[in-house]
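Undergrad: Please read through the structure below; I'll follow up with questions.
The values are calculated or read from the model by the stated rules, or taken from the named source; none is laboratory data. Quick caveat, the model's predicted, so the values are computed rather than measured. Cβ: placed from backbone, ideal geometry, glycine included. Neighbour counts: every protein chain shown. What goes into the accessible areas is simple: the full protein's heavy atoms, side chains included, and nothing from ligands, DNA or RNA. Shrake-Rupley method; radii C 1.70, N 1.55, O 1.52, S 1.80 Å.
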Amino acid sequence: MKFEDLLSEINGFGRFQKMVLCINFFGRFSLACHFLLGNFIAVIPSHHCSISSLDADEIFENLTQEERLTVSIPVQDDGTPASCHMFSYPQFHLLSNSSSPSEVAVVQCQNGWEYDNSTCDRYLFCVFQWDLVCDKRALSRLTTTIFFIGVMCGAAAFGSLSAMFGRKPMLLVSHMLGMGFGLCSAFSSSFIMFAVLRFFTGFTITGMCVYVILLICSSSDVEWVSIEHRKLVGVIDSLSWTFAFMSFPLVAYFIRDWRWLTVAISLPTVTAIITWWVPESARWLIANGRVDKAHYYLHKCAVMNRKKEIIVSIKPENLAKIIVTDRGNRKYSYLDLVRTPKMRKLALLTGITWFAVATVAYGISFNISSFGLNRYLTQFVYGAIEIPAKLSIYYLLDKFGRRITQAGSLLFVGISLMINIFIPKDKSVVRTVIAVLGKGCSATSFGTVILYSSELYPTVVRQNGMGYNSFVARLGVSVAPLILLSDDVWSHFSQVILSSLGLSAAFVAYLLPETRGRCLPETIEDVEGIGKGTDNLPLQDQKMDEKESSRLKWKDNLIVQNT
């Protein structure tokens, strides 16, 4: 008897599974909003050196604002005032164009900066709070990188802790600490304090990621649903991110203070109280020898799905035969991902794929202000395009399988980014449309890799595997803001890097094995034994061929026991 057989008998997608899916769906809103917070509070608005000190001497008394800027601030090639330099002293002769601005000596801003309030929301940017411009310009992007470095470290930590203590306790800890650090960061009195608290917010909030497989509920959900419903659950679960991506710009539009915006997205984690009802993974419990607890949750599942008579016939000790493993005598760790040849290859290929998928996806998501269109609208459209993109996953996974869908979506992302390199900067609408299409393909890629990877790793190290993948993905996300800074060297540099990553990862993803319609591997031996089974068939394919006969034998045993 396989675990999939048991799930099918007690309804692999009944009321119990739908309840778990709904709880996790709404519980991830805060998580996705924190990921996008930097798009609105760390954007650098139009600015120029402050000339208020000159006003104090009343030397500008009879000049208009435009004339004041002319005599105080040099002009850039595009005709706008320079952002980081000013004339060493007022150049009144420039009002009559008697001299070229290039012949006039300039210095760095001496008295701070003035920001263009007509094109930005002053209180929405923490940039204003600590003047993160010019020499400190990189710090505005660095806050996002610091947050995702915290997420990266938290992914590794919570992946290991979840494997040791279970998914459920770590989920509760993640919610509570994530809310605490998030609220504290909103009242930071210095940039260093803000950066440190953002790091710990990312570190602790990652527990939600790892539990739900990242972007990451799929691990628990996949472990609770039958084979035929895996892709449906993966698609529905990934739409929770889409819901947050579309809602967050609306929240940011109405809450114009960056502090209160941070508070608003941190408070929803009070749903931690609800997550206490989320069941522990029965697979994980059985693999760890805790069959009594696994039987308890399976009984709850059967009762809620109105299949109580099935589980009543099974004793807890019989569950130990479902997953044959020595987990009860040893502890699995991240080292088990590289101890054996095929596990090493699997970890390498999935790691590269996750790194590229995350870097490209967030490289596009963070780049909402370079197209010349409204950032709120751009972010909303970025979220909206994910709906058809993720719904298409359901058809694509069934039609082409996991491997082709993963590799194909990455290929199209790379192509769309490459096309944007050759479109002139002044074609902002066209560039945005191409970027939105690329964002849709990246959403398909992200939604696929989550489900795909959860099916590739065996139960005994699935949480470690997904923790490792999440770690690598967050490394990619933390690098994404820095990649965007490369546009200061060449305006298309970031697009070249992201496009190259997408195209390269498409080839790597194609090397992964297909998992469509196959049983989840339970042990490392299942992965290492994928070569040939007893009937000279791939082991997992053989398991599928034996599924019906196994289920019938199990039913016969139940009849014998009841008689």
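Undergrad: Name the residue that is modelled with the lowest pLDDT, counting only residues in region 430-487 that are of a type in the set (D, E, K, R) and more than 16 Å from the chain's Cα centre (by Cα). Don't jump to the end; show me each part of the working.
TA: Filtering region 430-487 down to residues of a type in the set (D, E, K, R) leaves 431, 439, 455, 462, 474, 487.
Narrowing further to those that are more than 16 Å from the chain's Cα centre (by Cα): 431, 455, 462, 487.
Working: R431: 83, E455: 85, R462: 81, D487: 77.
Among those residues, the one meeting the criterion is D487.
Undergrad: Filtering region 448-457 down to residues that are open to solvent by less than 10 Å² (accessible area, probe 1.4 Å) and touching a Ser or Thr at 6+ places or on another chain (Cβ under 7 Å), which residue is farthest from R474 (Cα to Cα)?
TA: Pass one, region 448-457, residues open to solvent by less than 10 Å² (accessible area, probe 1.4 Å): 448-449, 451-455, 457.
If we keep only those that are touching a Ser or Thr at 6+ places or on another chain (Cβ under 7 Å) too, we end up with 448-449, 451-455.
Details: T448: 17, V449: 14, L451: 17, Y452: 18, S453: 16, S454: 17, E455: 21 Å.
Going through the qualifying residues, I end up with E455.
Undergrad: Against the condition in the same structural domain as N420 (by the TED database), touching a Ser or Thr at 6+ places or on another chain (Cβ under 7 Å), among the aliphatic types (A, V, I, L, M) and open to solvent by 40 Å² or more (accessible area, probe 1.4 Å), how does L482 come out, does it pass? Spell out the reasoning first.
TA: Details: in the same structural domain as N420 (by the TED database): yes; touching a Ser or Thr at 6+ places or on another chain (Cβ under 7 Å): yes; among the aliphatic types (A, V, I, L, M): yes; open to solvent by 40 Å² or more (accessible area, probe 1.4 Å): yes.
Spelling it out, L482 is indeed in the same structural domain as N420 (by the TED database), touching a Ser or Thr at 6+ places or on another chain (Cβ under 7 Å), among the aliphatic types (A, V, I, L, M) and open to solvent by 40 Å² or more (accessible area, probe 1.4 Å).
Undergrad: Further question on the same structure: Looking at V461, V430, V436 in this structure, which one is in a helix (DSSP H, G or I) and open to solvent by less than 10 Å² (accessible area, probe 1.4 Å)?
TA: V461
Undergrad: Over 27 Å from F40 (Cβ atoms), of a type in the set (F, W, Y) and at pLDDT below 80, is that true of W241? Outline the logic, then answer.
TA: On the way: over 27 Å from F40 (Cβ atoms): no; of a type in the set (F, W, Y): yes; at pLDDT below 80: yes.
Taking the combined requirement at face value, the residue does not satisfy it.
Undergrad: Anything in region 318-341 that is at pLDDT 85 or above and exposed (fewer than 15 other Cβ atoms within 10 Å of the Cβ)? List them, or say none. Explain how you work it out, then say what you get.
TA: Applying the first criterion (at pLDDT 85 or above) to region 318-341 yields 335-341.
The answer is L335, V338, R339, T340, P341.
Undergrad: For region 480-496, what are the residues that are within 20 Å of T432 (Cβ to Cβ) and either of a type in the set (D, E, K, R) or part of a helix (DSSP H, G or I) (or both)?
TA: A480, P481, I483, L484, D487, F493, S494, Q495, V496
Undergrad: Another question about this same structure. Residue by residue through region 118-151, note down the ones that are open to solvent by 20 Å² or more (accessible area, probe 1.4 Å), at pLDDT 70 or above and touching a helix residue (DSSP H, G or I) at 6+ places or on another chain (Cβ under 8 Å).
TA: First, pick out the residues of region 118-151 that are open to solvent by 20 Å² or more (accessible area, probe 1.4 Å): 118-119, 121-123, 128-131, 134-139, 141-142, 146, 149.
Checking the rest, the ones that are also at pLDDT 70 or above come to 129-131, 134-139, 141-142, 146, 149.
Q129, W130, K136, A138, L139, R141, L142, I146, I149 - these are the residues of region 118-151 that are open to solvent by 20 Å² or more (accessible area, probe 1.4 Å), at pLDDT 70 or above and touching a helix residue (DSSP H, G or I) at 6+ places or on another chain (Cβ under 8 Å).
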